[in-house]
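To start, the structure under review is shown below, and the notes come after it.
The values are calculated or read from the model by the stated rules, or taken from the named source; none is laboratory data. Fair warning: this is a prediction, and the values are worked out from it, not measured in the lab. Backbone-built Cβ (ideal geometry, glycine too); neighbour counts: all protein chains shown. Calculation scope for accessible area: heavy atoms of the full protein, side chains included, ligands and nucleic acids excluded. Shrake-Rupley method; radii C 1.70, N 1.55, O 1.52, S 1.80 Å.
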Amino acid sequence: MSKKDPYAALRYREFNTFLIVRFALIFAWTMQFIIIEWQVYSITKDPWSLGLIGLMEIIPAFSMALFAGHIVDQKEKRNLLALCIAAFSLISLGLFLLTSPTLVADWSSKYVLYAIYALVFFGGFLRSFFGPTIFSLVALIVPKRVYPNAATWNSSIRQVASVLGPAFAGFSIHWLGENDQMGVHWSLLIVFGLVMFSLLVLFRIGKQPILNPNIGEPVWQSLKEGVQFVRNSKAILGALTLDMVAVLFGGAVALLPVFAQDILEVGSEGFGVLRAAPAVGAFLMMFVTAYLPISKNAGLKLLGAIFGFGVCIIVFGLSSVFWISVVALFFSGVTDGLSMVIRQTILQLKTPDHMRGRVSSVNSMFVGSSNELGAFESGLTAKLMGTVTAVVFGGTMTLIVVIATAIGSPYFRKLDLRADVAAHENEE
């Protein structure tokens, strides 16, 4: 097999199955999140309520993250993922039933809102297990020599699904009902169907070995080991910190319902286009990173990608022209997709097999939870500063942190992964 083969990881059947499951899950999860955002804003007409959605998910996700990583490192990964998906199906079914037009008409909108927040809160507990389980599973179904290529495809599929799902949600709200309420209700049925599909496909992957030599290790000792490893790894800590800042302060997409309804005035169809724009950029980046190695000068490339992302967010925030907003979001998808591939490659190459669950849990605390914290930050700053000012502020903070990192961390500027790739190839 050629070392430069851009499809190296795709030549393994179980990895292809994994990508199908991964795409369906991320598509469903993000689609559900955006539908709920639309529903909540339609009820309240208050950007602060959008921030509360993020807060309701981040509290349990963040508080459970390290413990979830410990559990993942102790358990068989395929069956644990199946259990997580089954629980996700119950949440998606609950949201579908909750948004029934008949129930919404009978209930006070206040009670519908509280019930939505409750299901989002329970989803946060569940999400703390998803990231570590998936990160650990992918490392067990491909050889180490194709980790960088697998990280490229895995990150790219995740990125494409994470923006295609919300984009489809925007269109489906408009298409699937005679009004937005009907569209919300039936769109959530699609989410439930995708979750069940992913559960069935998952069992095409066999059970995997447990590589942790410390089964039964005390919880606190296990958690301490995971945190110390990340803290002592300059490459992993730097990559996580940079991406966390980008997601936290660049969370303009959390305010897209406000832009679509009140600033650009393009309705649910325009909302779908805005959500689709980053997906197109991410999709193109998937092929670029598959053909062009990103291991050389990885630190500089990550810094450049996140800097470009911050610029795109500022342009989007300042724009009052629909097509300019779409172009800015397209390039935000390109840059965000590149940064995600580089970060996942660093994590896969630098993390020992027996610590993948715990390291991924720390990653979810840094980056995964930042999506919801970013939504909360965007909702809060929009309430205090105004929507446009909040978005521009977020993009500016991203640029400041990237510049400070580039100046203050010579190690990260010089980070290169070619030696790590060669070492994994020699292990095979």
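The table below gives the values:
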| item | result |
| --- | --- |
| Residue, least open to solvent (accessible area, probe 1.4 Å), within the stretch 391-408, restricted to residues that are touching a Gly at 6+ places or on another chain (Cβ under 6 Å) and over 19 Å from PRO47 (Cβ atoms) | THR398 |
| Extreme residue, surrounded by the fewest Cβ atoms within 10 Å (Cβ to Cβ), among residues of the stretch 59-98 that are of a type in the set (Lys, Arg) and assigned to a helix (DSSP H, G or I) | ARG78 |
| Set LEU256, LEU237: member being of a type in the set (A, V, I, L, M), in contact with a Lys or Arg (Cβ under 7 Å, 6 or more places away or on another chain), at pLDDT 70 or above and closer than 30 Å to LYS45 by Cα | LEU256 |
| For PHE33: the one exception among (1) under 28 Å from SER187 (Cα atoms); (2) buried (at least 23 other Cβ atoms within 10 Å of the Cβ); (3) in contact with a helix residue (DSSP H, G or I) (Cβ under 6 Å, 6 or more places away or on another chain) | (3) |
| Subset of the stretch 218-228 (residues that are at pLDDT below 75 and either assigned to a helix (DSSP H, G or I) or touching a Cys at 6+ places or on another chain (Cβ under 8 Å) (or both)) | VAL219, TRP220, GLN221, SER222, LEU223, LYS224, GLU225, GLY226, VAL227 |
| Test set (1) surrounded by fewer than 20 Cβ atoms within 10 Å (Cβ to Cβ); (2) among the hydrophobic types (A, V, I, L, M, F, W, C); (3) touching a residue at least 40 places away in the same chain (Cβ under 8 Å) - TRP323 fails condition number | (3) |
| Selection from the stretch 128-159 of residues that are open to solvent by 10 Å² or more (accessible area, probe 1.4 Å), of a type in the set (A, V, I, L, M) and in a helix (DSSP H, G or I) | ILE134, ILE157 |
| Tally, over the stretch 274-309, of residues that are crowded, with 21+ Cβ neighbours inside 10 Å and of a type in the set (Lys, Arg) | 1 |
| For VAL315: the one exception among (1) at pLDDT below 80; (2) on the phi < 0 side of the Ramachandran plot | (1) |
| Test: residue in the stretch 260-273 that is of a type in the set (Phe, Trp, Tyr) and open to solvent by 30 Å² or more (accessible area, probe 1.4 Å) | no |
| Leading residue by the ranking (modelled with the lowest pLDDT) among those in the stretch 103-127 that are surrounded by fewer than 21 Cβ atoms within 10 Å (Cβ to Cβ) and charged (D, E, K, R) | ASP106 |
| Hits in the stretch 167-187 (condition: free of Cβ contacts under 8 Å to residues at least 40 places away in the same chain and among the aromatic types (Phe, Trp, Tyr)) | TRP175, TRP186 |
| Near pairs, Cβ below 6 angstrom, 6+ apart or cross-chain, from the stretch 152-166 (modelled with pLDDT of 80 or more) to any residue that is open to solvent by less than 10 Å² (accessible area, probe 1.4 Å) and among the aliphatic types (A, V, I, L, M) | TRP153/ALA9; ASN154/VAL138; GLY165/MET31 |
| Any hit, the stretch 168-178, residues being closer than 29 Å to GLY267 by Cα, within 12 Å of the chain's Cα centre (by Cα) and surrounded by fewer than 24 Cβ atoms within 10 Å (Cβ to Cβ) | no |
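One line per residue, one yes/no per condition, for (1) among the hydrophobic types (A, V, I, L, M, F, W, C); (2) assigned to a helix (DSSP H, G or I):
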position	(1), (2)
GLU265	no, no
GLY272	no, yes
ALA282	yes, yes
GLY299	no, yes
GLY304	no, yes
PHE309	yes, yes
ILE314	yes, yes
SER320	no, no
